[in-house]
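Trainee: Before I ask anything, let me first share the structure, which is written out below as structure tokens.
The values are calculated or read from the model by the stated rules, or taken from the named source; none is laboratory data. Everything numeric in this text was worked out from a predicted model, so none of it was measured. Here the Cβ positions follow ideal geometry from the backbone for every residue, glycine too, while neighbour counts run over all protein chains shown.
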Amino acid sequence: MKTEPGTKWLLGVARRRLNGALDRISGRPSQKPFPSCQTLEKDDLRIALGLLKKLTAVEKDTRIVTEYEREFATWNGSRHAFAFSSGREALSACISAAGLEPGDEVILPGYTCVVVPNAFHFAGVKTIYSDIELDTYGLDASIIEAKITGNTRALLIHHLYGLVSRDYDRIIEIARKHGLIVIEDCAQATGAEYRGVKVGNRADFAFYSSEQSKVFNTIQGGMATTNNDTLAEKLAEQYNNASPPGSDWVEKLLSTLVMNYYIHRHEMKRVTGDIAKLVYMNKTLVSTTDDETKGVKPDYYGRRMAGPVARIGLNQLAKIDRFNKLRRETAPRWSAWCDSRGFKKPSVVDDSVPIFLRYPVIADPSMKLNTSWSYAEIGVEIGKWFISNLHPSKSHVDNCPNADIAVERCVNFPGIMP
Ligand SMILES: *Cc1c(COP(=O)(O)O)cnc(C)c1O
């Protein structure tokens with residue numbers, strides 16, 4: 001039997017109230033909501049509410065998207081930037097712009113988000129997984145060359161948790177030596193720097209995400225960049241052939257922002273959160289649909305960014321350095337915790353400035369299976385990315401022992417405390 005949305009909401013409220021009461025009676029530290037959307041502030045809420053009122057008027061405004069792309073390119077130190085509706089759609093545009101074709105192979109980490117291999121599969125490109133190292137959770141350069149075949153055309157590298165990948169230099173060298181196209185997945189590391197240059201600027205293409213759990217937040221959103229003028233023309237072709245989403249979708253995105261503000265950020269969020277969940281119940285978006293988790297391409301896939309989303313993006317971009325500074329200031333707290341408990345800390349590569357979107361730690365497997373200890377010990381719920389090799393799908397990837405360790409043991413702490 002399917003539960004009515006109204007009933008489901010009521011049950012949710014009842015469950016939260018009961019848990020709160022039980023926590024008080026038993027003297028347990030009260031369980032707080034997972035820290036999410038920490039970069040949404042009152043001004044973002046105001047902008048979203050304003051946009052919702054005049055949606056059709058601003059929807060067609062492409063100038064604001066161009067302004068957002070220009071601002072991002074300048075801030076990021078990139079020659080060209082193109083805004084898409086999500087990081088994964090930005091990645092797909094890069095794959096097409098790179099001229100990758102069915103039968104080509106890409107080497108990528110066996111520890112990633114399922115939407116990354118999906119983007120390659122949608123283009124018919126075969127994904128060859130390679131293991132990560134456990135210092136920064138990036139591709140391990142020492143084993144990549146063994147995976148290169150006559151069909152290998154590209155390498156995808158990532159910078160996870162806001163850390164600059166340990167083998168960044170060596171991997172770029174390997175790619176150049178073999179004439180491979182490099183795509184940098186900067187979805188979790190927007191603003192991190194290596195040798196004074198922001199990540200994403202050393203590859204042929206890079207993509208960034210402003211999905212709601214990322215460095216900056218437009219609920220859903222992505223950016224593709226390149227510093228190569230010829231590749232930029234190819235990317236522009238992809239971009240010009242894409243359409244922005246319609247107002248139904250934009251309304252849902254803005255409603256999700258408003259709802260999340262009231263759930264996660266309002267001073268009286270325990271009350272406003274419940275009300276917002278009721279009001280916006282049927283008007284919200286999920287980041288990854290069940291179909292996508294199973295590898296199915298959504299029919300709307302391939303959109304560029306809509307004007308109202310870029311408006312939010314501009315506001316978030318103006319604050320991103322402040323949030324990244326806050327994350328760097330929070331990191332020593334988790335580092336001290338690791339020292340006191342004897343757990344492995346992430347490495348910070350020489351000459352790099354990480355942004356610690358999350359602070360990853362190799363803990364005991366039991367601490368990842370049951371995370372309730374974290375309320376008492378650190379006052380906040382820890383994160384569990386990644387729960388599988390291809391998060392959040394349950395798929396397993398063979399021959400990536402380090403990725404298996406990370407899947408079993410790596411938990412992460414929030415970069416910004418609630
Ligand atoms: C979130 C994420 C993506 C996808 O970004 P979307 O904007 O959600 O499509 C890709 N790679 C990594 C590592 C991510 O964390």
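Trainee: For region 198-213, which residues satisfy the criterion of being in contact with a strand residue (DSSP E or B) (Cβ under 7 Å, 6 or more places away or on another chain) and not in a loop (DSSP other than H, G, I, E, B)?
Mentor: Residues satisfying the conditions are Phe205, Ala206, Phe207, Tyr208, Ser209.
Trainee: Looking only at region 357-397, how many residues end up being more than 16 Å from the ligand (Cβ to nearest atom) and either touching a Gly at 6+ places or on another chain (Cβ under 8 Å) or of a type in the set (A, V, I, L, M) (or both)?
Mentor: Residues that pass the stated criteria total 9.
Trainee: Scan region 189-197 and tell me whether some residue there is closer than 17 Å to Gln38 by Cα, within 16 Å of the ligand (Cβ to nearest atom) and assigned to a helix (DSSP H, G or I). Please lay out each step first, then the result.
Mentor: Start the filter on region 189-197 by keeping residues that are closer than 17 Å to Gln38 by Cα, which leaves 189-191.
Going one step further and asking which of them are within 16 Å of the ligand (Cβ to nearest atom), we end up with 189-191.
From what's left, assigned to a helix (DSSP H, G or I): none.
Within region 189-197 (the criterion being closer than 17 Å to Gln38 by Cα, within 16 Å of the ligand (Cβ to nearest atom) and assigned to a helix (DSSP H, G or I)), the answer is no, since none of the residues qualifies.
Trainee: I'm checking my understanding of the structure. Among residues of region 260-283 that are closer than 21 Å to Gly307 by Cβ and assigned to a helix (DSSP H, G or I), which one is farthest from the chain's Cα centre (by Cα)?
Mentor: The residue in question is Tyr261.
Trainee: Tell me yes or no: at least one residue of region 52-69 is farther than 25 Å from Ile181 by Cα and touching a His at 6+ places or on another chain (Cβ under 6 Å). Please lay out each step first, then the result.
Mentor: Taking region 52-69 first, the residues farther than 25 Å from Ile181 by Cα are 52-68.
If we keep only those that are touching a His at 6+ places or on another chain (Cβ under 6 Å) too, we end up with none.
Scanning region 52-69, I find no residue that is farther than 25 Å from Ile181 by Cα and touching a His at 6+ places or on another chain (Cβ under 6 Å), so the answer is no.
Trainee: Lys394 - would you say it is more than 22 Å from Asp140 (Cβ to Cβ), among the charged types (D, E, K, R) and not in a helix (DSSP H, G or I)?
Mentor: Taking the combined requirement at face value, the residue satisfies it.
Trainee: How many residues are touching a residue at least 40 places away in the same chain (Cβ under 8 Å), assigned to a loop (DSSP other than H, G, I, E, B) and in contact with a helix residue (DSSP H, G or I) (Cβ under 9 Å, 6 or more places away or on another chain) when one looks only at region 375-384?
Mentor: 2
Trainee: Give the residues of region 314-334 that are under 17 Å from Leu357 (Cβ atoms) and surrounded by 14 or more Cβ atoms within 10 Å (Cβ to Cβ), sorted by residue number.
Mentor: Residues of region 314-334 under 17 Å from Leu357 (Cβ atoms): 316-317, 319-334.
Residues satisfying the conditions are Gln316, Leu317, Lys319, Ile320, Phe323, Asn324, Leu326, Arg327, Arg328, Thr330, Ala331, Trp334.
Trainee: Taking region 143-176 as the region of interest, how many residues are without any contact (Cβ under 8 Å) to a residue 60 or more places away in the chain, within 26 Å of Pro401 (Cβ to Cβ) and more than 14 Å from the ligand (Cβ to nearest atom)? Before you say what the answer is, go through the steps one by one.
Mentor: Restricting attention to region 143-176, the residues satisfying the condition of being without any contact (Cβ under 8 Å) to a residue 60 or more places away in the chain are 143-159, 167, 169-176.
Then drop every residue that is not within 26 Å of Pro401 (Cβ to Cβ), which leaves 143-149, 151-152, 154-159, 167, 169-175.
Narrowing the set further to residues that are more than 14 Å from the ligand (Cβ to nearest atom) leaves 143-149, 151-152, 154-155, 167, 169-175.
Adding up the residues that qualify gives 19.
Trainee: Okay, moving on. Hey, can you tell me all the residues within region 195-239 that are closer than 17 Å to Gly162 by Cα, crowded, with 22+ Cβ neighbours inside 10 Å and among the hydroxyl-bearing types (Ser, Thr, Tyr)?
Mentor: Tyr208, Ser209, Ser210
Trainee: One residue is enough: does region 179-187 have a residue meeting the conditions touching a helix residue (DSSP H, G or I) at 6+ places or on another chain (Cβ under 8 Å), part of a loop (DSSP other than H, G, I, E, B), closer than 30 Å to Asp290 by Cβ and modelled with pLDDT of 95 or more?
Mentor: Checked against the condition, which is being touching a helix residue (DSSP H, G or I) at 6+ places or on another chain (Cβ under 8 Å), part of a loop (DSSP other than H, G, I, E, B), closer than 30 Å to Asp290 by Cβ and modelled with pLDDT of 95 or more, region 179-187 yields at least one hit.
Trainee: Please go through region 117-149 and pick out each residue that is buried (at least 20 other Cβ atoms within 10 Å of the Cβ) and out of contact with any helix residue (DSSP H, G or I) (no Cβ under 9 Å at 6 or more places or on another chain).
Mentor: Pro117
Trainee: Enumerate the pairs (first residue in region 97-119 and over 21 Å from Asn399 (Cα atoms); second residue anywhere and of a type in the set (S, T, N, Q) and within 13 Å of the ligand (Cβ to nearest atom)) with beta-carbon separation below 9 Å, excluding pairs fewer than 6 apart on the same chain, so at least 6 apart or on different chains.
Mentor: Ala119/Ser92
Trainee: Looking at region 397-416 only, could you name the residues that are in a loop (DSSP other than H, G, I, E, B) and surrounded by 14 or more Cβ atoms within 10 Å (Cβ to Cβ)?
Mentor: Val397, Cys400, Gly415, Ile416 - these are the residues of region 397-416 that are in a loop (DSSP other than H, G, I, E, B) and surrounded by 14 or more Cβ atoms within 10 Å (Cβ to Cβ).
Trainee: Test Leu253 against the criterion of being in a helix (DSSP H, G or I) and within 15 Å of the ligand (Cβ to nearest atom), and give yes or no.
Mentor: yes
Trainee: Only residues that are out of contact with any His (no Cβ under 8 Å at 6 or more places or on another chain), of a type in the set (A, V, I, L, M, F, W, C) and under 10 Å from Arg166 (Cα atoms): list them for region 133-152, please.
Mentor: Leu134, Ala141
Trainee: Could you give me the residue pairs with C-beta distances under 6 Å whose first residue belongs to region 351-374 and is more than 19 Å from Asp135 (Cα to Cα), whose second residue is surrounded by 18 or more Cβ atoms within 10 Å (Cβ to Cβ) and of a type in the set (Lys, Arg) wherever it lies, and which are 6+ apart or on separate chains?
Mentor: Listed pairs, sorted by first residue: none to list.
Trainee: Which of the numbered conditions does Ser352 fail, given that it passes all the others? Conditions: (1) within 20 Å of Trp75 (Cα to Cα); (2) within 18 Å of the chain's Cα centre (by Cα); (3) of a type outside the set (Asp, Glu).
Mentor: (2)
One line per residue, one yes/no per condition, for (1) more than 28 Å from Gly162 (Cβ to Cβ); (2) within 16 Å of the ligand (Cβ to nearest atom):
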{"position": "Val13", "(1), (2)": "yes, no"}
{"position": "Asp44", "(1), (2)": "no, no"}
{"position": "Ile47", "(1), (2)": "no, no"}
{"position": "Arg79", "(1), (2)": "no, no"}
{"position": "Glu101", "(1), (2)": "yes, no"}
{"position": "Tyr111", "(1), (2)": "no, yes"}
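Per-residue answers, yes or no, for (1) closer than 24 Å to Gly6 by Cβ; (2) more than 15 Å from the ligand (Cβ to nearest atom):
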{"position": "Ala203", "(1), (2)": "no, no"}
{"position": "Glu211", "(1), (2)": "no, no"}
{"position": "Gly221", "(1), (2)": "no, no"}
{"position": "Lys234", "(1), (2)": "no, yes"}
{"position": "Ser243", "(1), (2)": "no, yes"}
{"position": "Tyr261", "(1), (2)": "yes, yes"}
{"position": "His264", "(1), (2)": "yes, yes"}
{"position": "Met281", "(1), (2)": "yes, yes"}
{"position": "Thr284", "(1), (2)": "yes, yes"}
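Trainee: Look through Val197, Val215 and report the one residue that is over 24 Å from Thr256 (Cα atoms) and β-branched (Val, Ile, Thr).
Mentor: Working: Val215 fails: over 24 Å from Thr256 (Cα atoms).
Val197 is the lone residue from the list that is over 24 Å from Thr256 (Cα atoms) and β-branched (Val, Ile, Thr).
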